[in-house]
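Student: Below are the structure tokens for one structure; questions will follow.
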Amino acid sequence: MVISIASQKGGVGKTSTAISLAAGLARRGKKTLLVDIDSQANSSKVLLKNYQQLQAQQTIYTTILERKPLPVHDTEVPNLSIIPSHILVSNADISLKTALDHREARLKAELDEIKNEYDCVIIDCPPTLSWLTINAFTASDRVVVVVSPGYFELDSIIQIQKTLEQVRDNFNHGIELFGLLFTMSEPTVNTKTSLQILRQTYADKVFAAVIPRNVEIKDAHFNRTDIFAFNPHAKSAHAYNKLIDEMFPELRPQTTEPVKS
């Protein structure tokens, strides 16, 4: 399964979600590939110790702008590989606007060549609805939309849904919304009201798992590692484990039924 992690704005926990999902699946024994298509390259900077030494041709840049195979790099997390991004990917949207040959499918064309080597592929999308995001959606089976508390954040869901529908109509008929993930949760009226409105409006489309605002996930990324390696007992680690259980019920720990006498 190929899953895009998307949001229309930054600062909502999109990249933290992409890293945590990918690392969490990998730590459960699933061979996982994280594709960083966000020009900020934050996923890449967290998971690749040598990121600063990489050239543009060793990143997603070479696939999107030069039509070359995807450059896969191993990470220090067992079972987790990554295709890093680069700041120059920010120029891709300008190039893709004038491209005439399948500009929406450059990622899909190359990902189709290697995706069967993995149990799951996670795509960290840019925080904009651009041709890069359309490339990610065209290559994906499902989309997780990350939403944080606030009126404008809730309003942005409408725009992402429109983009998703356009991609479904024109480029990828099989793509589905996996669900809406509420992040940055804290014990405030704003959080309570936002989550209530989200669940009332979108009902079964909202994941039951809620990701709390937790300083430890920032500390983990500052130390260039995932939350499960940094502190598997952190609130955010527990929340992302619940999300993985919800998204992939087959990965839930098996409980042994007591033997009846």
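Laboratory data are not the source of any read-out in this text; all were calculated from the coordinates shown. Source: prediction; values computed, not measured. Here the Cβ is made from the backbone with ideal geometry for all residues, glycine too, and neighbour counts use every protein chain on show.
Student: Using a Debye calculation, one point per C-alpha and no hydration shell, please list log10 I(q)/I(0) for the range 163-211 at q = 0.16, 0.29, 0.31 Å⁻¹ in order.
Tutor: Rounded to two decimals, the profile gives -0.56, -1.04, -1.11.
Student: Between 0 and 90 degrees, rounded to the nearest ten: what's the tilt of helix 14-27 against the longest Cα principal axis of the chain?
Tutor: Around 70 degrees separate the two axes.
Student: How big is the dipole moment of the chain about its Cα centre under a simple scheme where the beta carbon of each Lys and Arg is +1, that of each Asp and Glu is -1, and everything else is neutral? Debye, nearest 20, please.
Tutor: Numbers: 28 positive and 29 negative charges, 85 e Å.
That gives a dipole near 400 debye.
Student: For labels at HIS238 and ILE87 in the simple 7 Å Cα→Cβ model, what's the distance in nm?
Tutor: Calculated label separation equals 4.0 nm.
Student: Now, a different point. So what's the angle, to the nearest 10 degrees on a 0 to 90 scale, between helix 235-247 and the longest Cα principal axis of the chain?
Tutor: Computed tilt is about 80 degrees.
Student: Right, here's the next one. Cα gyration tensor of the range 2-251, axes a ≥ b ≥ c as square roots of the eigenvalues: rounded (a/c below 1.5), prolate (a/b > b/c) or oblate? Walk me through the intermediate numbers first.
Tutor: Details: a/c = 1.63, a/b = 1.19, b/c = 1.36.
Verdict is oblate for the range 2-251.
Student: MET1 versus GLN57, label points 7 Å from Cα toward the beta carbon: distance in nm?
Tutor: Result for the modelled spin labels: 3.8 nm.
Student: Find how many whole Å separate the alpha carbon centroid of the range 126-166 from the alpha carbon centroid of the range 178-248.
Tutor: 18 Å
Student: Output needed: percent of Cα pairs per 5 Å distance bin for the range 1-146, bins running from 0 to the one holding the longest distance.
Tutor: 2, 11, 23, 26, 22, 12, 3, 1, 0
Student: For the range 49-130, what are the per-bin percents of Cα-Cα distances with bins 5 Å wide, up to the bin holding the maximum?
Tutor: Calculated P(r), rounded to whole percents: 3, 13, 25, 25, 20, 10, 3, 1, 0.
Student: What are the GluC sites (Glu not before Pro) within the range 45-130 that DSSP puts in a loop, where the Cβ has at most 11 other Cβ atoms within 10 Å?
Tutor: In loop regions of the range 45-130 (DSSP not H, G, I, E or B), the sparsely surrounded GluC sites (Glu not before Pro) are GLU66.
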